[in-house]
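Scroll down for the structure; my scribbles are underneath it.
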Amino acid sequence: DLVRMRVDPRDFLGGYLAFLPQVYDRWERHAMASILRTGDAFVDVGSNLGAYALWAARCVGSSGRVLAIEPDTHNHELLTENVRLNGYQSRIQVLHCGISGRRQTLRLHRNVTGNCGGHNFRGAGAEGPLVECMPLDEAVEQSGAGPIRMMKLDIEGFEGEVLERYFRATAPATWPEYLLVEINDSPAGPGEKDSLRRQIRSHGYSPLRERGNTLFRRDGLAR
């Protein structure tokens, strides 16, 4: 799982990756290694500095495809640099935009407690820039990622709106085989979290493991 990353150790996420990389999202990393195969496609919605995108790129190899989506300009710059540091330009496509339920311009609010992973479109934190957003189905189509083995969503409580449009606009046969979604650690309220779980399960997914993130598997897949 060794990857090279440029991070800010003063930041919560950057500090974790700098000083405790072996414990950061450990079970998620192991799950990705057991699920992703050479040549697979992985979509990282809310890629931040790129840790998940880089882990996925190692798993899928040079014939695989990773789409990493990040709306914040500073995070996007670090993400792009981290892709370059690992020589993964040919297998990771970086998209600088927001993901929403429709094409629109939203104001990004920045976390003010020293956590670059807490920037959001929900209005929490300091006002940041206006960001062009697109639906997830359009972003995936533009990328040409093809059949998606696994998708990770960590977009600070915006997951429900994004997935509602995605499930409505795409054919079930094209949905990811596995979804890794931040639910328990999300800033969303308890009711929103319960609604998100019901939403995903109602579209034919079953939870495999639930901690801060929840791993879902699409029902009916060959084991």
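The values are calculated or read from the model by the stated rules, or taken from the named source; none is laboratory data. Not measured: the values here are computed from a predicted model. Neighbour counts are summed over all protein chains in view; Cβ atoms, including those assigned to glycine, are modelled from backbone coordinates with ideal geometry. The area values use the complete protein model at the heavy-atom level, side chains included, leaving out ligands, DNA and RNA. Shrake-Rupley method; radii C 1.70, N 1.55, O 1.52, S 1.80 Å.
Expressed as a whole percentage, what fraction of the accessible surface of the stretch 65-223 belongs to carbon and sulfur atoms when a 1.4 Å probe is rolled over the protein heavy atoms? Working shown, then result.
Numbers: 3470 of 7360 Å².
With neighbouring chains kept in place, the figure for the stretch 65-223 is 47 percent.
Answer rounded, prolate or oblate for the stretch 1-144, using the Cα gyration tensor with square roots of eigenvalues a ≥ b ≥ c: rounded when a/c is under 1.5, else prolate when a/b is larger than b/c, else oblate. Write down the numbers at each step before the final one.
On the way: a/c = 1.95, a/b = 1.19, b/c = 1.64.
Oblate is the answer for the stretch 1-144, as a/c is 1.5 or above yet b/c matches or exceeds a/b.
For the stretch 91-223, just say rounded, prolate or oblate: build the C-alpha gyration tensor, square-root its eigenvalues into a ≥ b ≥ c, call rounded for a/c under 1.5, and beyond that prolate if a/b exceeds b/c, oblate if not. Could you put the intermediate results ahead of the total?
Details: a/c = 1.88, a/b = 1.31, b/c = 1.44.
Oblate.
I'd like to check one number: the per residue accessible area of the chain, probe 1.4 Å, reported in Å² as a whole number.
Values: 10340 Å² over 223 residues.
Dividing the accessible area of the chain by its residue count gives 46 Å².
Give me, ordered by chain and number, the residues 5 or more places off M150 or on other chains with an amide H under 5 Å from its own placed amide H.
When sequence neighbours closer than 5 places are left aside, the close amide H contacts are A41, V43, E177, Y178.
How far, in nm, would the chain grow between E81 and L20 when pulled straight, counting 0.36 nm per residue and subtracting the alpha carbon separation? Before the final figure, lay out each step's value.
On the way: separation 61, 0.36 × 61 = 21.96 nm, distance 2.08 nm.
Net length gain for the segment: 19.9 nm.
Once the Cβ-Cβ distance between C97 and E192 is put in as r, and R0 is 25 Å, what FRET efficiency do you end up with, to the nearest 0.05? Before the final figure, lay out each step's value.
Details: r = 23 Å, r/R0 = 0.94.
Efficiency computed from Cβ-Cβ geometry: 0.60.
Report for the chain the percent antiparallel among DSSP-assigned beta bridges with both residues inside it, nearest 5. The partial results should precede the final answer.
Numbers: 17 of 37 bridges.
Roughly 45 percent of the beta bridges in the chain run antiparallel, per DSSP.
Please find the FRET efficiency linking A222 to Q89, where r is the Cβ-Cβ separation and R0 is fixed at 41 Å, and quote it to the nearest 0.05.
Values: r = 34 Å, r/R0 = 0.82.
Between A222 and Q89 the formula returns 0.75.
Projecting each Cα onto the charge dipole of the stretch 111-223 (Lys/Arg +1, Asp/Glu -1 at the beta carbon, about the Cα centre), which of F167, V140, M150 comes out farthest on the positive side?
M150
May I ask you to compute the full-extension gain from R107 to R168, defined as 0.36 nm times their residue separation minus their alpha-carbon distance, rounded to one decimal in nm?
On the way: separation 61, 0.36 × 61 = 21.96 nm, distance 2.49 nm.
Result for the pair: 19.5 nm of gain on full extension.
Would you mind working out the magnitude of the charge dipole of the chain relative to its Cα centre, with +1 at each Lys and Arg C-beta and -1 at each Asp and Glu C-beta, to the nearest 20 Debye? Intermediate values should be presented prior to the final figure.
On the way: 28 positive and 28 negative charges, 123 e Å.
With Lys and Arg at +1 and Asp and Glu at -1, about 600 debye.
Using only helices, what value at 222 nm comes out for the chain when you add -39,500 (n - 2.57) per DSSP H run of length 4 or more and divide by the total residues, to the nearest 500 deg cm²/dmol? Don't skip to the answer; put the middle values down first.
Details: 7 runs with 73 residues, N = 223.
Theoretical 222 nm ellipticity from helices: -9500 deg cm²/dmol.
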